[in-house]
Amino acid sequence: MANVILKGLTKKFKDATVVDDLNIEIKDKEFAVLVGPSGCGKTTTLRMIAGLEEASSGHIYIGDKLVNDVQPKDRDIAMVFQNYALYPHMDVYNNMAIGLKLRKFPKEEIDQRVQETARVLGIENLLKRKPRELSGGQRQRVAVGRAIVKKPKVFLFDEPLSNLDAKLRVTMRAEISKLHRRLEATIIYVTHDQVEAMTMADRIFIMNDGRLQQSGPPLEVYKKPNNKFVAGFIGSPATNFIDSVITKENGAYFINAEGIKLKVPENFISKITDYIGKEIVFGVRPEDIHDKNFFSNAISCNSIKTKIDVIEPLGSEIFIYLTCGKNSFVGRMDSRTQAEVDQNIEIAIDMEKTHIFDPKTLSAIV
């Protein structure tokens, strides 16, 4: 396997910059996920690594080798596409073997690799079937198998689960993660689904408008977002943002918005002193908004009286959409919460887990 380094990688289509000065180092045997909304440049980045798109500027290294001018077939990578890209006239065996045949591997070695990979993926009984005879999940396994038999330095996955139903996506996420551990492979995986990114990655690379916004272990990025975009993109439902003002009263600091007054935690104070009397953006994740009756750390200055607009019961938890003055937000609450639409409810906010952003730069203050 090998590491992958992108230095100043840029891609322009006419006047549009799709990938802008991207600098990333993916370690050997790492499971790296490029994640972001549609159009953020993540698939174009993957295609440049594969050699399917030419970089406008910058450098791509696979291992110690600069590969900008190396043909895709000679980069020692294998790519799994969103639409599987299987040959409809070939059976599963030949779909998996085609790359090795083109490289003129001995017949015995091809058979050994295909049979071994089929056993690992649990598709050894499908080898004589055509793609049209397979389910979506089975086709995905074949596409992954075709990549595995090549034993490449780097695996590239381009939204491989987006065509599967929700239950099968969960199953395939786990299977690909197990496969990574078994192969000890370097994997670069592209998705717009932040749940896939959070559950599968060793490190995530969050992109927007062609630029890298933040990278790091999933939980680190979740807990300490660099900016408002990252805070809003990672997590489901998305982070609530409230335009607010910081005030100081009797030596204490408060977040103030219409109908809202929340005491700022002591460990935040050193970072917000320059913002006293100024506007900020207050961010709180839905899972840090609680029914006051079921939050043991609730204190009066960290609670808000709100009105319920919508309730979405999900069994183990309940999403409650709330308003307070002109502010609307959602809480992800304990399913024991007794609530009805148009009813008032007092909520508690876990202030230690909240975030404060500069309204102009949108970068994190806390």
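For the stretch 331-344, name all the residues that are crowded, with 17+ Cβ neighbours inside 10 Å and in contact with an Asp or Glu (Cβ under 7 Å, 6 or more places away or on another chain). Break it down stepwise before answering.
Filtering the stretch 331-344 for residues crowded, with 17+ Cβ neighbours inside 10 Å gives 331-333, 337.
Arg332, Met333, Thr337 - these are the residues of the stretch 331-344 that are crowded, with 17+ Cβ neighbours inside 10 Å and in contact with an Asp or Glu (Cβ under 7 Å, 6 or more places away or on another chain).
Collect the residues in the stretch 140-182 that are part of a loop (DSSP other than H, G, I, E, B), farther than 15 Å from Met79 by Cα and not hydrophobic (A, V, I, L, M, F, W, C), keeping them in residue-number order.
If the condition is that a residue be part of a loop (DSSP other than H, G, I, E, B), farther than 15 Å from Met79 by Cα and not hydrophobic (A, V, I, L, M, F, W, C), then Ser162, Asn163, Asp165 are the ones that fit.
Keeping to the stretch 254-287, report how many residues are more than 16 Å from Asp358 (Cβ to Cβ), surrounded by fewer than 20 Cβ atoms within 10 Å (Cβ to Cβ) and in contact with a Lys or Arg (Cβ under 9 Å, 6 or more places away or on another chain).
Selection size over the stretch 254-287: 5.
Would you check which residues across the stretch 216-259 are assigned to a strand (DSSP E or B), of a type outside the set (A, V, I, L, M, F, W, C) and farther than 25 Å from Leu314 by Cβ and list them?
Across the stretch 216-259, the qualifying residues are Gly216, Asn227, Asp243, Ser244, Thr247, Lys248, Glu249, Tyr253, Asn256.
Are there any helices (runs of 4 or more DSSP H) wholly within the stretch 30-132 with 1 or more residues that are within 30 Å of Asp20 (Cα to Cα), and if so which?
It comes to 42-50.
Just one of (1) in contact (Cβ under 8 Å) with a residue 60 or more places away in the chain; (2) in a helix (DSSP H, G or I); (3) among the β-branched types (Val, Ile, Thr) trips up Ile188, so point out which.
Among (1) in contact (Cβ under 8 Å) with a residue 60 or more places away in the chain; (2) in a helix (DSSP H, G or I); (3) among the β-branched types (Val, Ile, Thr), Ile188 violates only (2).
Scan the stretch 161-214 residue by residue and report those that are of a type in the set (S, T, N, Q) and within 10 Å of the chain's Cα centre (by Cα).
To start, the set of residues in the stretch 161-214 that are of a type in the set (S, T, N, Q) comprises 162-163, 171, 177, 186, 191, 194, 199, 208, 213-214.
Result: Thr191, Gln194, Thr199.
Would you call Ser328 surrounded by fewer than 19 Cβ atoms within 10 Å (Cβ to Cβ), closer than 30 Å to Lys248 by Cβ and out of contact with any strand residue (DSSP E or B) (no Cβ under 9 Å at 6 or more places or on another chain)?
Here the answer is no, as Ser328 does not meet what is asked.
Are any residues in the stretch 310-348 touching a residue at least 24 places away in the same chain (Cβ under 8 Å) and among the acidic types (Asp, Glu), and if so, which ones? Step through it out loud before you land on a result.
First pass over the stretch 310-348, keeping only residues touching a residue at least 24 places away in the same chain (Cβ under 8 Å): 310-311, 319-320, 322, 324-327, 329-334, 336-337, 339-348.
Matches in the stretch 310-348: Asp334, Glu340, Asp342, Glu346.
Given (1) out of contact with any helix residue (DSSP H, G or I) (no Cβ under 8 Å at 6 or more places or on another chain); (2) touching a residue at least 12 places away in the same chain (Cβ under 8 Å), identify the lone condition not met by Ile246.
(1)
Name the pairs whose Cβ atoms lie under 8 Å apart, with the first residue in the stretch 103-124 and within 14 Å of Gln140 (Cα to Cα), the second assigned to a loop (DSSP other than H, G, I, E, B), and 6 or more positions between them or separate chains?
Here the result reads Thr117/Val149; Ala118/Leu127, each pair linking the stretch 103-124 to a residue that is assigned to a loop (DSSP other than H, G, I, E, B).
What is the one condition in (1) in a strand (DSSP E or B); (2) under 20 Å from Ala238 (Cα atoms); (3) of a type outside the set (D, E, K, R) that Leu262 does not satisfy?
For Leu262, the failing item is (2).
How about the stretch 294-366: which strands (runs of 3 or more DSSP E) wholly inside it have at least 1 residues that are of a type in the set (Gly, Ala, Ser)?
Numbers: elements: 303-313, 317-324, 327-334, 344-349, 355-357.
Here the list reads 303-313, 327-334, 344-349.
Just the residues that are hydrophobic (A, V, I, L, M, F, W, C), in a strand (DSSP E or B) and surrounded by 14 or more Cβ atoms within 10 Å (Cβ to Cβ), please, taken from the stretch 1-29.
Answer for the stretch 1-29, where residues must be hydrophobic (A, V, I, L, M, F, W, C), in a strand (DSSP E or B) and surrounded by 14 or more Cβ atoms within 10 Å (Cβ to Cβ): Val4, Ile5, Leu6, Leu9, Val18, Val19, Leu22, Ile24, Ile26.
Would you pick out the residues in the stretch 101-117 that are at pLDDT below 95 and of a type in the set (A, V, I, L, M)?
Hit for the stretch 101-117 is Leu102, nothing else.
All but one of (1) aliphatic (A, V, I, L, M); (2) within 32 Å of the chain's Cα centre (by Cα); (3) at pLDDT below 95 hold for Ile299; which doesn't?
The one condition Ile299 does not meet is (2).
Modelled with pLDDT under 95 and either on the phi > 0 side of the Ramachandran plot or not assigned by TED's automatic domain parsing to the domain that holds Thr45 (or both): is that true of Asp64 in this structure?
no
The values are calculated or read from the model by the stated rules, or taken from the named source; none is laboratory data. Just so we're clear, the structure is a prediction, and the values are computed from it rather than from any experiment. Every residue, glycine as well, gets a Cβ built from its backbone with ideal geometry; the counts of neighbours run over all protein chains shown.
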